[in-house]
Ligand SMILES: Cc1cc2nc3c(=O)[nH]c(=O)nc-3n(C[C@H](O)[C@H](O)[C@H](O)COP(=O)(O)OP(=O)(O)OC[C@H]3O[C@@H](n4cnc5c(N)ncnc54)[C@H](O)[C@@H]3O)c2cc1C
């Protein structure tokens, strides 16, 4: 492994840190912006303001071309960005889907007219975007998707149902995968016959229903299409070539695990600091001490795993199998920290958000249930393990 940063990388780090020192403080306090009575809306308004500020400093879309306000960042600069942002505990991004996944796909596959229509609104946080892939019968087996788009003049007529679509109720636009060739599934070629469509979420024939999640939050939705007419001019890439477009976006989702090992380490440090104040006796328990030490060691191993992946990319080698391993480490360790949180803090750890005695504004109780998503999102644990068993360990199939 080669950890040496180039002078260019060091300058990148310094420029970002200096910019954060000036611009972050006014966003650091939660709840200063927006609607007092609606927490979800308040969070989104804060994220919108933060993304606008990032964009002004050219720090919103670091991988985009310079002509589009980006920095054409290298892989190592992406790692530096993720680590510096995690250490600074910056707010979330309003349009994370748009900036990291959908925007790059529009840059890659979109026509000039499509780029002019959609990229400015993604960058300046004017319009929120969602990503509509999963269906009731197509999650891990995404290529089994059946929401149908039938050609009719200048439009596609879309019918079907998508599920677990994050923030679809807030989105003006969505990138959806639909089936344009229904014979492909019967032909045993289900990856063919899929098309990527950009959908105006306000079209007639689209119904978005919010699903309350395990934490009580309202993050994701069901999206039903009932004869919704989507202009063909909104197709991204060629008809029946949507799988290629989709694999591009999922590829972007898996970049950036480096910052997660830093965030998890910060979370563990915060937990120990909170325990020192609220339940210091727990830190003398040999079982708890053992769990903290094991966790700390695993976090350090994960940091080195990410460094090895980065080092391989820089040498032009495939970062395999580090990427699925890092995904598994993230899922398992974020759930381990969440469980440790409620165990260390005892009854105080499960007091819910908003209550007068809730420690850290109820973060630990909320985190305990919220972190379950890490073994489902961006590829479930079982599917990642199948991939490693099959392709890395080459275990025999039964
Ligand atoms: C917080 C959150 C946000 C999300 N946001 C979005 C979004 O914005 N857009 C979007 O399109 N989707 C989104 N999703 C959906 C997510 O992509 C799917 O939940 C995921 O792909 C799994 O699909 P599924 O839920 O249909 O589960 P399934 O694929 O049905 O899996 C159910 C169980 O079976 C296991 N399993 C499946 N196949 C195999 C196999 N071959 N071998 C062994 N075990 C297997 C899985 O590991 C899992 O435990 C989101 C999900 C979550 C939790």
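Among 375, 261, 67, 151, which comes first, second and so on when ranked by fewest other beta-carbon atoms within 10 Å?
Ordered from fewest to most neighbouring Cβ atoms within 10 Å, 375, 261, 67, 151 come out as 67, 151, 375, 261.
So how tilted is helix 286-314 from the main axis of the chain? Cα-based, degrees 0 to 90, rounded to 10.
With rounding to tens, the tilt is 50 degrees.
In whole Å, largest first, what are the principal axis extents of the Cα atoms in the range 129-241?
Taking the Cα atoms of the range 129-241, the three principal extents are 42, 29, 21 Å.
Starting with the fewest neighbours, write out 244, 327 ranked by other beta-carbon atoms found within 10 Å of each beta-carbon.
Taking fewest neighbouring Cβ atoms as first place, the list is 244, 327.
Enter the angle in degrees (range 0 to 90, nearest 10) between the Cα long axis of helix 258-278 and the first principal axis of the Cα atoms of the chain, meaning the one along which they spread out most.
Once rounded, the angle reads 40 degrees.
Which residue fluctuates the most in the chain, going by a Gaussian network model with Cα springs under 10 Å, if the choices are 94, 373, 234?
Top of the fluctuation ranking is 373.
On a 0 to 90 degree scale, rounded to 10, what angle separates helix 75-88 from the longest Cα axis of the chain?
Once rounded, the angle reads 50 degrees.
Using only the alpha carbons of the chain, determine the length spanned along each of the three principal axes and report them from longest to shortest in whole angstroms.
So the extents along the principal axes, rounded to whole Å, are 71, 56, 45.
Report Rg(Cα)/(2.2 N^0.38 Å) for the range 7-94, keeping two decimals.
1.15
Over the chain, what is the relative contact order in whole percent, taking alpha-carbon pairs under 8 Å and six or more residues apart?
12
To the nearest 500 deg cm²/dmol, what mean residue ellipticity at 222 nm is calculated for the chain from DSSP H runs of n ≥ 4 alone, each contributing -39,500 (n - 2.57), summed and divided by the residues?
So the calculated ellipticity at 222 nm is -14500 deg cm²/dmol.
Across the Cα atoms of the range 257-392, what radius of gyration and what greatest pairwise Cα-Cα distance (Dmax) are found, in Å?
16.7, 54
Using a 10 angstrom cutoff on alpha carbons, build the Gaussian network for the chain and name the most mobile of 65, 91, 347.
Residue with maximal mean-square fluctuation among 65, 91, 347: 347.
Each value in this text was obtained by applying a stated rule to the coordinates, not by laboratory testing. Nothing here was measured: the structure is a model prediction, and the numbers come from that model. Neighbour counts are summed over all protein chains in view; Cβ atoms, including those assigned to glycine, are modelled from backbone coordinates with ideal geometry.
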